[in-house]
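**Student:** Attaching a single structure in structure tokens format; questions to follow.
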Amino acid sequence: PAQLDAFRDKWRIDPKDEVIGFVGRLGAEKNLDMLIPAMEIVAKKRPKARLVYVGDFDHKEVLEASAAASTCPDRITFTGALQREKLGVAYAAMDVFVFPSLTDTQGWVVHEAALAGLPLVLIDTEVSEIVVPGENGMYAGNTPEDMAKVLIELLSSPKKRESFGKESQKLARRFTERRQVSKLAKLYEDVVANYDK
């Protein structure tokens, strides 16, 4: 709790804020730009909503400029890169985890967010096995309007967020390191066994 309070104080996040968060590399290919116009729509309906970008990379300055020019610059926060050991606090400060990327192959942060007990909002339906629509997350279309609609729905329903978060943790625990490595080893064994066939 003390670490969470310190994180919120540092980034001026009120405990009553409804935090939509992204964690990861702030690269142009991550489709992060669309979250800012989505946030403009969300902020009109949910004035306590706040968008938090956790991460750094070459597209951060572009995003910061876009946020500054938006209708809600005071509701968009950039923390920069955080040490891995401190990411748990960042996830704990979030109410919803959003992952708009259409280019990722694994989306490790989606798994981290699920383990942290967060409801998940994605666009790419193929990036993670950890999202079950209507149980622990939702898919949005690749437009600010559709993303905003999904985010508003989740922010408007604390009960849904809570049940989605609990389900996220359950689903994430099924994808343990040992289990995933065993699946990969079995795949390799099958490929080798069938190589000459």
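**Student:** Before we move on, is residue 71 under 22 Å from residue 143 (Cα atoms), at pLDDT below 95 and open to solvent by 40 Å² or more (accessible area, probe 1.4 Å)?
**Tutor:** On the way: under 22 Å from residue 143 (Cα atoms): yes; at pLDDT below 95: no; open to solvent by 40 Å² or more (accessible area, probe 1.4 Å): yes.
In short, no.
**Student:** A further question on this structure: Exactly one of (1) outside any helix (DSSP H, G or I); (2) out of contact with any helix residue (DSSP H, G or I) (no Cβ under 7 Å at 6 or more places or on another chain) is unmet by residue 65. Its number?
**Tutor:** Going through the list (1) outside any helix (DSSP H, G or I); (2) out of contact with any helix residue (DSSP H, G or I) (no Cβ under 7 Å at 6 or more places or on another chain), residue 65 breaks only (1).
**Student:** Based on what the data block shows, is residue 165 in contact with a strand residue (DSSP E or B) (Cβ under 6 Å, 6 or more places away or on another chain) and not aliphatic (A, V, I, L, M)? So that I can check it myself, show each step before the final result.
**Tutor:** On the way: in contact with a strand residue (DSSP E or B) (Cβ under 6 Å, 6 or more places away or on another chain): no; not aliphatic (A, V, I, L, M): yes.
Considered against the rule, which asks whether it is in contact with a strand residue (DSSP E or B) (Cβ under 6 Å, 6 or more places away or on another chain) and not aliphatic (A, V, I, L, M), residue 165 comes out as no.
**Student:** Follow-up question, since we're still on this one. Considering only segment 119-148, how many residues are aliphatic (A, V, I, L, M), under 16 Å from residue 172 (Cα atoms) and either assigned to a strand (DSSP E or B) or over 12 Å from the mean Cα position of the chain (by Cα) (or both)?
**Tutor:** Initial filter on segment 119-148 (aliphatic (A, V, I, L, M)): 120-123, 127, 130-132, 138, 140, 147-148.
From the residues that got through so far, the ones that are under 16 Å from residue 172 (Cα atoms) too are 120-122, 127, 130-132, 138.
Applying the additional criterion that residues be either assigned to a strand (DSSP E or B) or over 12 Å from the mean Cα position of the chain (by Cα) (or both) yields 120-122, 127, 130, 132, 138.
So the count comes out to 7.
**Student:** Something else about it: Of the residues that sit in segment 96-117 and are open to solvent by 10 Å² or more (accessible area, probe 1.4 Å) and part of a loop (DSSP other than H, G, I, E, B), which one is modelled with the lowest pLDDT?
**Tutor:** Kept after step one, since they are open to solvent by 10 Å² or more (accessible area, probe 1.4 Å), are these residues of segment 96-117: 102-106, 108-109, 111-112, 115-117.
Next cut, part of a loop (DSSP other than H, G, I, E, B) only: 102-106, 116-117.
Working: 102: 94, 103: 92, 104: 90, 105: 80, 106: 75, 116: 97, 117: 97.
Out of the qualifying residues, it is 106.
**Student:** Looking at segment 32-50, which of the residues that are among the small types (Gly, Ala, Ser) and in a helix (DSSP H, G or I) is most open to solvent (accessible area, probe 1.4 Å)? Write out each step before concluding.
**Tutor:** Narrowing segment 32-50 to residues among the small types (Gly, Ala, Ser): 38, 43, 49.
Still in the running and in a helix (DSSP H, G or I): 38, 43.
Values: 38: 1, 43: 23 Å².
In this case the residue turns out to be 43.
**Student:** Could you tell me whether any residue of segment 20-31 is assigned to a strand (DSSP E or B) and of a type outside the set (Val, Ile, Thr)? Before the answer, list the steps.
**Tutor:** Step one: filter segment 20-31 for residues assigned to a strand (DSSP E or B), giving 20-23.
Narrowing further to those that are of a type outside the set (Val, Ile, Thr): 21-22.
The answer is yes; a qualifying residue exists.
**Student:** Looking only at segment 17-30, decide whether some residue is among the acidic types (Asp, Glu) and surrounded by 18 or more Cβ atoms within 10 Å (Cβ to Cβ). Spell out the reasoning first.
**Tutor:** Within segment 17-30, the subset among the acidic types (Asp, Glu) is 17-18, 29.
From the residues that got through so far, the ones that are surrounded by 18 or more Cβ atoms within 10 Å (Cβ to Cβ) too are 17-18.
Checking segment 17-30: at least one residue is among the acidic types (Asp, Glu) and surrounded by 18 or more Cβ atoms within 10 Å (Cβ to Cβ).
**Student:** Do we find a residue being among the aromatic types (Phe, Trp, Tyr), under 17 Å from the mean Cα position of the chain (by Cα), open to solvent by 20 Å² or more (accessible area, probe 1.4 Å) and within 18 Å of residue 11 (Cα to Cα) anywhere in segment 51-60?
**Tutor:** Scanning segment 51-60 turns up no residue that is among the aromatic types (Phe, Trp, Tyr), under 17 Å from the mean Cα position of the chain (by Cα), open to solvent by 20 Å² or more (accessible area, probe 1.4 Å) and within 18 Å of residue 11 (Cα to Cα).
The values are calculated or read from the model by the stated rules, or taken from the named source; none is laboratory data. Since the structure is predicted, the reported quantities are computational estimates derived from the model, not experimental observations. When we count neighbours, we look across all protein chains shown, and the Cβ atoms used for this are built from the backbone with ideal geometry, even at glycine. These accessible areas exclude ligands, DNA and RNA; they are computed on the full protein's heavy atoms, side chains included. Shrake-Rupley method; radii C 1.70, N 1.55, O 1.52, S 1.80 Å.
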